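Okay, structure first, notes after.
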Amino acid sequence: MPGFRLLPAVDQFLKSDTGQALIASHGRHMVTAALRAELDAARDAIRGGADAQAAADALPARLAAVLDAGSQSRLRPILNLTGTILHTNLGRAILAEDAIAAASSAMAAPLALEFDLDGGGRGQRDDHLRGLLCELTGAEDATIVNNNAAAVLIALNTLAMGRHAIVSRGELIEIGGAFRMPDIMARAGAKLVEVGTTNRTHARDYQGAITPETGLLMKVHTSNYRVEGFTKEVPASELATISRKAGVPLLNDLGSGSLVDLGDYGLRREPTVAQAVTEGADLVTFSGDKLLGGPQAGFIVGRRDLIAAINANPLKRAVRLDKIRIAALEATLRLYRDPDRLTDRLPTLRYLARPKTDIATMARRLAPLVNDLLPDGFHAGTCDCESQIGSGALPTDTLPSAGLRLTGNGGDAPDRLSARLRALPRPVVGHIHDGALILDLRCLDADAVLLTALADL
Ligand SMILES: *Cc1c(COP(=O)(O)O)cnc(C)c1O
């Protein structure tokens, strides 16, 4: 086709100023591949009757757009204005500055991960966290794995492989991402023995199910639902008595498992890890990146002989933690030694404890400024809203909060605006409610962060 000669040759384009500038930002390999693809597309368009000069003129801008889009990480930071503090799909807890610093130095240099600096011999990677975990929970011993799902898996596999694990029918949970207690039990090689009913389980139900085949009794925190009405569950302390009498261990899967009393922050009290230990569970499992506010991890704390058995399980090697997270966890756990300053230093608790008045003041300040940044036809006002903790802590409780209510013309305005905000270089994620896009400001650290993100609209 005669129009093709208006298109640049690959070598010629790469040598041009535009080509050189693109190579400087994206590398020769990527620019050449994208250029070839764009040239093919332009030739197809010309064959189809498109204007050759226009196709040639549009080429540099198209190429730059394609390369820019391809170089944007899908893991770039976003603004979580969903109102859910620990959002599993958004990566759960934001780490404390100390933890980030510890993780980055662990990435950048060798460290004594399994090396005893005093004696020069071999050390244990879990030792860095063991002492702190025992100190903070009152447990005899502790071990750490990849996440709480792995903690439950390895605990069941160690204590109940080929044996029975007794659980109340009211606690056979499914958590997002296909974590179902009966399935985990099966994979751990334990035979699930369900007792009681969905709404009521009694001490005698557990007692009647105990046989020589019993490997353990299990209590599971109902993280994402609440059974209300005519209900009965057996408290952990009573289960501990039953299990001790029968000579089988009690495993308490707390899920979120807080190290501090949420009641201190005006929330409903839930048993802390230390309380679960005091109540007599032989093992307690909980997550690193839920209420604890650290990186993804699973903790198992409890009886020394049982922890030793778990550490001796060959699965332990398959679910162990890496040095980066061990370093971040150590720094996070250290913060708990100074509870008075926790809300200043640990983002998860800071967001959780942030008073509504503070958030509402921020919303009033931001509404007119955000309004100016929105595309034509959209409006920003203030609103009251309700935040959630998320990730299986106090599933039915909400925290009074405040935010921005973004509206526009037409029924699809919230969806359209929501898509524009998600497409920003720093995506802003809210939630749609009642015909508006709501930005809950609880997890917004500073006005400027949102204003800078929206300036790209
Ligand atoms: C969240 C949760 C788990 C899984 O923990 P991860 O850290 O997400 O693997 C297990 N059990 C309960 C009760 C939970 O709430």
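The values are calculated or read from the model by the stated rules, or taken from the named source; none is laboratory data. Nothing here was measured: the structure is a model prediction, and the numbers come from that model. Heads up, the Cβs are rebuilt from the backbone with ideal geometry, glycines too, and the neighbour counts pull from every protein chain shown.
Test PRO400 against the criterion of being more than 16 Å from the ligand (Cβ to nearest atom), surrounded by fewer than 23 Cβ atoms within 10 Å (Cβ to Cβ) and in contact (Cβ under 8 Å) with a residue 40 or more places away in the chain, and give yes or no. The answer is yes for PRO400. Those strands (runs of 3 or more DSSP E) of the range 356-446 in which 2 or more residues are out of contact with any Leu (no Cβ under 6 Å at 6 or more places or on another chain) and among the acidic types (Asp, Glu) occupy 378-387.
Taking the stated definitions as given, is ARG74 under 30 Å from LEU454 (Cα atoms) and free of Cβ contacts under 8 Å to residues at least 60 places away in the same chain? In short, yes. The set of residues in the range 158-188 that are more than 12 Å from the ligand (Cβ to nearest atom), free of Cβ contacts under 8 Å to residues at least 40 places away in the same chain and buried (at least 16 other Cβ atoms within 10 Å of the Cβ) comprises MET185, ALA188.
Every residue, every condition in (1) out of contact with any Lys or Arg (no Cβ under 6 Å at 6 or more places or on another chain); (2) of a type in the set (A, V, I, L, M), yes or no:
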position	(1), (2)
ARG163	yes, no
GLY177	yes, no
GLY189	yes, no
ALA203	yes, yes
ILE210	yes, yes
GLY215	no, no
LYS232	no, no
ALA236	no, yes
ALA274	yes, yes
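Looking at the range 203-219, which of its residues are more than 10 Å from LEU239 (Cα to Cα) and either of a type outside the set (Lys, Arg) or in contact with a strand residue (DSSP E or B) (Cβ under 6 Å, 6 or more places away or on another chain) (or both)? ASP205, GLY208, ALA209, ILE210, THR211, PRO212, GLU213, THR214, GLY215, LEU216, listed by residue number. Total residues in the range 23-36 satisfying the condition of being free of Cβ contacts under 8 Å to residues at least 24 places away in the same chain and of a type outside the set (Lys, Arg): the figure is 6. Just one of the numbered conditions (1) more than 18 Å from the chain's Cα centre (by Cα); (2) buried (at least 17 other Cβ atoms within 10 Å of the Cβ); (3) part of a helix (DSSP H, G or I) is not true of ALA308: (2). When LEU90 is tested against (1) at pLDDT 95 or above; (2) more than 16 Å from the ligand (Cβ to nearest atom), exactly one condition is not met: (2).
Determine whether THR343 is out of contact with any Leu (no Cβ under 7 Å at 6 or more places or on another chain) and either in a helix (DSSP H, G or I) or within 16 Å of the ligand (Cβ to nearest atom) (or both). Taking the combined requirement at face value, the residue does not satisfy it. For the condition surrounded by 21 or more Cβ atoms within 10 Å (Cβ to Cβ) and at negative phi, ALA155 qualifies.
Elements of the type strands (runs of 3 or more DSSP E) sitting completely within the range 191-305 and holding at least 2 residues that are touching a residue at least 12 places away in the same chain (Cβ under 8 Å) and within 16 Å of the ligand (Cβ to nearest atom): these cover 214-220, 250-255, 283-287, 298-302.
Which one is surrounded by the most Cβ atoms within 10 Å (Cβ to Cβ), of the residues in the range 252-298 that are of a type in the set (Lys, Arg) and out of contact with any Ser or Thr (no Cβ under 6 Å at 6 or more places or on another chain)? Looking at the filtered set, the residue picked out is ARG269. Pairs are defined by a Cβ separation below 9 Å, a sequence spacing of at least 6 or placement on different chains, a first member in the range 404-427 that is under 20 Å from PRO77 (Cβ atoms), and a second member that is of a type in the set (D, E, K, R); the pairs so defined are LEU404/ASP440; LEU424/ASP456; PRO425/ARG76; PRO425/ASP456; ARG426/ARG76; ARG426/ASP456; PRO427/ARG76. Only one of GLY49, GLY19 is modelled with pLDDT of 95 or more, small (Gly, Ala, Ser) and either out of contact with any helix residue (DSSP H, G or I) (no Cβ under 6 Å at 6 or more places or on another chain) or buried (at least 16 other Cβ atoms within 10 Å of the Cβ) (or both); which? When all the criteria are applied, what remains is GLY19.
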